[in-house]
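Take a look at the structure set out below.
Read-outs throughout are calculated quantities, based only on the coordinates presented, and are distinct from any laboratory measurement. Just so it is clear, the structure is predicted and the values come from calculations on it, not from any experiment. Here the Cβ is made from the backbone with ideal geometry for all residues, glycine too, and neighbour counts use every protein chain on show.
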Amino acid sequence: MIEFLNDIDAQAFGAINMCHGAYADNFMWLVSNRLAWGLMGLTFVLLLARKGWRCALLTLAAVALAVFVADQVSSSLIKHAVERLRPSHDPSLADTVHIVRQYRGGLYGFVSSHAANSVAVGLLLGLMLRDRVVLTIMMCWALLQCYSRVYLGVHYPGDILGGLLVGAAAAVLVYVPWRWLSSRYAPLLPQRLDRHLVAGSVGLTLLVVGVAAIFI
């Protein structure tokens, strides 16, 4: 059964990784880069700051906690327990994997920390702000992150699926106490953000990445 699932995983990986081009290489590399998340983070900090520094700090603390949990479980616990090689480090795939800018990532890939962290952030913000549109926007951003990892050849789709589950669990784990706190200290906590501003921040990030991908 495990071998059957691994075969399907490898076939799905090949279907995604082999569909590439020069511009897409640059775009996916930038999307997966920490600078893209840095731009997104800066935008959200500025949005939250409009509601007061206390609101911004509490929200950032919750998001940081979710990322910490997701990252520790995925990187420090599961990866070293499972020890599944990334496709970029698998000798049997050395001649077939499409690698971008010689980026291969660490040795082990299950589960994907990028997937876990991005889903933890996207799902938690969507739940905290109680807005389906915000949730949809953030999850689309997270899924783009996930796709980029397979495209770059550093994760199998199965690694991504595992990361999605870890990230979702981390988001729920943080959201449950957050919801309890928000019922008692609502004035201190953000209830909603303008969905147009959220969409604009994601759109701005993608625009910057899209333009930068032309010139790098």
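Under the simplified labelling scheme, the Ala24-Leu165 pair shows an inter-label distance of 2.9 nm, with each label point 7 Å from Cα along Cα→Cβ. When each of the peptides 92-104, 64-76 is scored by how many other beta carbons lie within 10 Å of its residues on average, the order from highest to lowest is 64-76, 92-104. When the charge dipole of the chain is built from unit charges on Cβ atoms (+1 for Lys and Arg, -1 for Asp and Glu) and taken about the Cα centre, the candidate among Leu135, Gly52, Gly162 whose Cα reaches farthest toward its positive end is Gly52.
Computing FRET efficiency as 1/(1 + (r/R0)^6) for Glu83 and Trp53, where r is the C-beta to C-beta distance and R0 is 41 Å, gives about 0.40. Starting from the Cα-Cα distance between Arg34 and Asp90, subtract it from 0.36 nm times their residue separation and give me the gain in nm to one decimal. Full-extension gain reported as 17.7 nm.
The stretch 56-91 and the stretch 15-34 have Cα centres spaced 22 Å apart. The mean sequence distance of close C-alpha pairs (under 8 Å, at least 6 residues apart), as a share of the length of the chain, puts its relative contact order at 32 percent. Working value for the chain: equivalent-ellipsoid semi-axes of 32, 21, 13 Å, each the square root of 5 times a Cα gyration tensor eigenvalue, largest first.
Each peptide in 22-31, 162-171 gets a packing score, the mean of other Cβ atoms within 10 Å over its residues, and the list from highest to lowest is 162-171, 22-31.
Based on Cα contacts under 8 Å between residues 6+ apart, the stretch 121-179 shows a relative contact order of 42 percent.
Using R0 = 35 Å, the C-beta based FRET efficiency linking Phe4 and Ser76 works out to 0.75.
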